[in-house]
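Rule-based calculations on the coordinates, nothing more; no lab input. Keep in mind the model is a prediction, meaning the values are calculated, not measured. Cβ sites come from the backbone with ideal geometry, for glycine too, and all protein chains shown count toward neighbours.
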Amino acid sequence: MGSTLFVLSGCGLLLDPSLSLDGSTDERAPFDAQVDRGKSDTSTDSGMDEVPDLLLSEEGDAACSNNVEECNGRDDNCDGYVDEGTGVCDPCTRGVADESRYLFCPDHRTWQGGRDLCLGYGYDLVTITSPGENDVVQRAAFRISARDWWIGLHDTDMDGDYAWVADGRVVWTGGQGGTEVAGAYTNFWSGDPSGNGHHCVLLEPDDDPRGTWHDKPCDDQAGVICETL
């Protein structure tokens with residue numbers, strides 16, 4: 001059974017048990033959980049599918065560094081939740097699915113500026129490894145804000161070879177007209193990657209279907225999706 005993504009935001013969103021990392025349907029009934037609401041960019045597309053406003057309860061870490069929760073991808077106060085608390089990860093919105101924890105940070109930054117933000121919180125730019133995860137991430141991101149969102153894919157190390165920045169795995173070779181690496185997952189828009197000095201990858205809100213990837217200049221400004229290391 002795939003796990004549902006639960007997103008914390010101030011939007012009054014509802015649980016959607018159909019969101020699953022592996023693309024399967026989670027038939028569990030919605031349940032109550034304590035949530036905390038921080039700041040979020042509430043500019044949304046009214047046609048978006050709803051995404052949840054609850055955080056899935058998690059196992060507490062075996063040891064706690066202190067009893068004050070910080071935004072670092074760890075359960076500092078051993079209460080079973082990670083990075084919870086009003087303002088802890090502002091201006092980002094937190095989400096969790098399976099073992100993956102995400103931050104959706106809507107303020108516009110360059111790709112490297114976004115990565116620096118993620119690393120400062122103990123995260124990195126998101127790595128997307130399956131259609132189910134891509135669906136969960138893009139639906140949550142565009143529900144928070146209908147803007148462009150950086151992900152962790154780039155070809156700044158070797159032109160035309162797109163790799164995930166968190167672990168260096170190459171998933172696409174040959175640039176424009178190239179090929180997906182065997183066993184890898186990519187979701188480029190038709191005609192992308194386009195090259196032309198575009199070396200960093202983002203999600204755009206205007207695609208049909210949503211959630212396809214575009215290579216863009218790394219100095220463009222977009223929101224940032226982070227994932228725990």
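Using a cutoff of 8 angstrom between alpha carbon atoms and counting only pairs six or more residues apart, the relative contact order for the stretch 61-136 works out to 20 percent.
By the count of other C-beta atoms within 10 Å, a proxy for reagent exposure, S145, S194 are ordered fewest to most as S194, S145.
Taking every C-alpha pair closer than 8 Å and separated by at least 6 residues, the mean separation divided by the residue count of the stretch 143-214 gives a relative contact order of 30 percent.
In order along the stretch 110-115, phi translates into HN-Hα couplings of 5, 4, 5, x, x, 5 Hz, rounded to whole numbers, per the Karplus curve 6.51 cos²θ - 1.76 cosθ + 1.60 with θ = phi - 60° and x for Gly and Pro.
Residue by residue, the stretch 128-137 carries 3J(HN,Hα) couplings of 10, 10, 7, x, x, 5, 4, 5, 4, 5 Hz when phi is fed to the Karplus relation 6.51 cos²θ - 1.76 cosθ + 1.60 (θ = phi - 60°); x denotes Gly or Pro.
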